[in-house]
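Encoded as structure tokens, the structure appears first; notes follow it.
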Amino acid sequence: QADGKRLSRTIAAFRRGIAPEFVLSLMRATGDADFTLAQLATLYLLDSSGGHTVGEVADAIGRSLSATSRLIDQLVRRGLVGRVEDQRDRRARRVHVTREGRALLSRIERGRADAQLSLMAHLSQEEQAVVDRAMGLLADAAGRRRDAGQRSVV
């Protein structure tokens, strides 16, 4: 328990250290388009899953069906999300991230990585090697969690 609290404080301090640079890069990545946190969370959810119904998205992000439908309409108008007929239920529509949506997420991820790399420049080569190994372990764990079918937290 104590180690978990210490690790939580360490992660929080790290995130605070990169937050200003990352948030500014997020603003640059999205350009003039204002995005809500719910819209970005929806893009990440859809990108990690390959697609959901509007109801499934609503459940996942904790919004009403009508609010989620409006949110998805906005993302569709921006070309970031597409809709297709569900093969199992022709009455339902599945939503997915488009190529443009994935490009936006890639720009966001690049900004986050750049902010982290900027911070890592203040580490020795040995320390950088430790962080590189730890990040590799975390990436492996993320892959195992995804393969196990557990939804990642957005």
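The accessible surface of region 44-154, taken with every protein chain in place and a 1.4 Å probe, is 50 percent carbon and sulfur. Rounded to the nearest whole angstrom, the semi-axes of the ellipsoid equivalent to region 1-88, taken from the Cα gyration tensor as √(5λ), stand at 30, 19, 11, largest first. Computed over the chain, the range of Cα coordinates on each principal axis works out to 57, 37, 25 Å, biggest value leading.
Charged side chains reduced to their Cβ positions (Lys and Arg at +1, Asp and Glu at -1) give the chain a dipole of some 420 debye around its Cα centre.
Extending 7 Å from the Cα toward the beta-carbon at both residue 127 and residue 23 defines two label points whose distance is 2.5 nm. Between the alpha-carbon centres of region 31-51 and region 108-130 there is a gap of 25 Å.
Sorting the segments 38-47, 95-104 by their mean number of nearby beta carbons within 10 angstrom, highest to lowest, gives 38-47, 95-104. Take every Cα-Cα pair in region 66-154 and report what % of them are more than 21 Å apart. Summing the P(r) of region 66-154 above 21 Å gives 56 percent of all pairs.
Which residue, chosen from 72, 4, 104, occupies the Cα position most advanced towards the positive end of the dipole of the chain, where the dipole is computed from +1 (Lys, Arg) and -1 (Asp, Glu) charges on Cβ about the Cα centre? The listed residue farthest towards the positive side: 72. Counting only protein heavy atoms and a 1.4 Å probe, region 25-109 has 58 square angstrom of accessible area per residue.
The values are calculated or read from the model by the stated rules, or taken from the named source; none is laboratory data. Note that this is a predicted model, so its numbers are computed, not measured. Please note: Cβ atoms are built from the backbone with ideal geometry, for glycine as well, and neighbour counts cover all protein chains shown. Heads up: the accessible areas ignore ligands, DNA and RNA and are worked out on the full protein's heavy atoms, side chains in. Shrake-Rupley method; radii C 1.70, N 1.55, O 1.52, S 1.80 Å.
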